[in-house]
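Following: one structure in structure tokens, then a few remarks.
The values are calculated or read from the model by the stated rules, or taken from the named source; none is laboratory data. Fair warning: this is a prediction, and the values are worked out from it, not measured in the lab. Note that each Cβ is placed from the backbone with ideal geometry, even for glycine, and that neighbours are counted across all protein chains shown. To get the accessible areas, we keep the full protein, side chains included, count just its heavy atoms, and leave off ligands, DNA and RNA. Shrake-Rupley method; radii C 1.70, N 1.55, O 1.52, S 1.80 Å.
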Amino acid sequence: MNRSFGWFSIVRLGAVQASIGAMVMIATSLLNRLMVLEYGLAAGIPAGLVAWHYMVQLSRPLWGHGSDLGRKRTPWVIGGMAILGAGAMLAVQATTMLDDARTPGIALAVIAFSLIGAGVGAAGTSMLAILASGVAPERRAAAAATTWIMMVFGIVISAGTAGALLDPYSEQRLFVVAGGVVAAAISLTCLAMLGLEAKTTGAVPTENRQPPATLGEAIAEILGDPQSRRFTLFIFVSMLAYSMQDLILEPFAGLVFQMSPGQSTSLSGLQHGGVLVGMIVTGLGGSAFAGRMPIELRVWTMLGCIGSAVALAGLAMAAQAGPGWPLAANIAALGFFNGAFAVSAIGSMMGLAGAGKRTREGVRMGVWGTAQAIAFGLGGLTGALGVDFVRGATGQVSQAFQLIFAFEASLFLISAILAMRVTYRRAIPAQLGTAGA
């Protein structure tokens, strides 16, 4: 009889997700700031490196298919973390070269961020495939909430700790702090994954599975299935809308509401707090109601998308109203509904991951992870360039932000429609037995 993951096992997978977030933080946040402030690089160079690491994650289907072909996914998770750690330390080395050897340093940084993207793709995709195949359907929303909340905490804790230990800054101290984060993250991953896959044989017994498809056949099956194709489109459109405000929210608060950098940064923290609350509420609700009331994860997804659209419409009106608009409450609401849609979408993703005839969880998670990576790479860039373009064409700052926020709201409404067109199928739930630790 097959067994599904209990809560302790889900938390262990969350620890892996937190470890991934902690190491990615080094490159995308810590080194980003150092490159600009300490080494005088144009802001576009570290931004381009971050975008490049998303582009490298187009390899996610390849990593996922590889883990599908193997008997165990754990080596792919640990191997991916090792690649990610090597990339992070190579990025540190590249950063310290920028004063004396700028061109070789930037070239090395490109290689480092390529390794970071590959490591995130290999470890993250395989970890999600383990989660999708080992979690009972009624726990998927709560499992998604748990792992993503732990990832956010991993980023916050590592960022705060690293920032405190780096003061006063020196290159030697940077190597020690970054090395400590990498060593701790890889060690925690190895401990978390120890014997974990042995706790479940998955939702579908090995003898009942058809032979795994080739990568080309797997992608063709996913894109040929109307439900999977719609879900892939939903992931892309919704994540594009989700990420478009990343680079413009703080400038919006400063330019339209005349807020100081500290005040605008506190608004960003308020938004992330709303995201966490939305994740917790939706995770608990999605897990409690599934199978007991006529409500599915896609309904939670739709509500989260509609709520996000309404909050963004509020920001579009705030662009015209200016000071006096309840901006803090508006941004907190946006964060809440963003978190609600994100967790329910991830829960639905895990539900659909095991629904293939010949494709397995790894390659499906890889395809959807690729759609998400492309959307994240384009989202922030599109939002920032859109504001600049409209502002340059009209000369009106408020109108520029109003149009972009309205466009984001329309993308979320389209996402809600796409979400309701996806049939949430439970992949052979009868095969799932007693939950274990």
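Residue ranking by accessible heavy-atom surface, 1.4 Å probe, largest first, among Ile248, Ile306 comes out as Ile306, Ile248.
Relative intensity of region 1-40 on a log10 scale, I(q)/I(0) at q = 0.14, 0.25 Å⁻¹, equals -0.49, -0.79, per a Debye sum over C-alpha point scatterers of equal strength in the absence of solvent. Per residue, the accessible area of the chain comes to 40 Å² when a 1.4 Å probe rolls over the protein heavy atoms. The convex hull of the Cα atoms of region 1-83, projected and averaged over all directions, covers 7.2 nm².
Per residue, what volume in Å³ does the convex hull of the Cα atoms of region 161-200 enclose?
Working: hull volume 2.0 nm³, N = 40.
Once divided by residue count, the hull of region 161-200 is 51 Å³.
Per the Kirkwood formula applied to alpha carbons, the chain shows a radius of gyration over Rh ratio, Rg over Rh, of 0.97. Ligands, DNA and RNA excluded, the heavy atoms of His272 present near 100 Å² of accessible surface to a 1.4 Å solvent probe.
When the alpha carbon coordinates of region 18-138 are projected onto the principal axes, the ranges are 52, 27, 19 Å, largest first. Atom-type composition of the exposed protein surface of the chain places 68 percent of the accessible area on carbon and sulfur (1.4 angstrom probe). Computed over the alpha-carbon pairs of region 63-114, the distance histogram in 10 Å steps reads 26, 34, 22, 15, 3 percent, short to long. Computed from the C-beta positions of Gln396 and Glu38, the FRET efficiency with R₀ = 35 Å rounds to 0.45.
Given +1 on the Cβ of Lys and Arg, -1 on the Cβ of Asp and Glu, and no further charges, what dipole in debye does the chain carry about its Cα centre, rounded to the nearest 20?
Values: 25 positive and 18 negative charges, 288 e Å.
That gives a dipole near 1380 debye.
GNM remark for the chain: springs join alpha carbons under 10 Å apart, and the peak mean-square fluctuation among Thr382, Thr394, Thr189 falls on Thr394.
From the Cα gyration tensor of region 116-171, with a ≥ b ≥ c the square roots of its eigenvalues, which class applies: rounded if a/c is under 1.5, or else prolate if a/b is larger than b/c, or else oblate? Oblate, because a/c is 1.5 or more while a/b does not exceed b/c.
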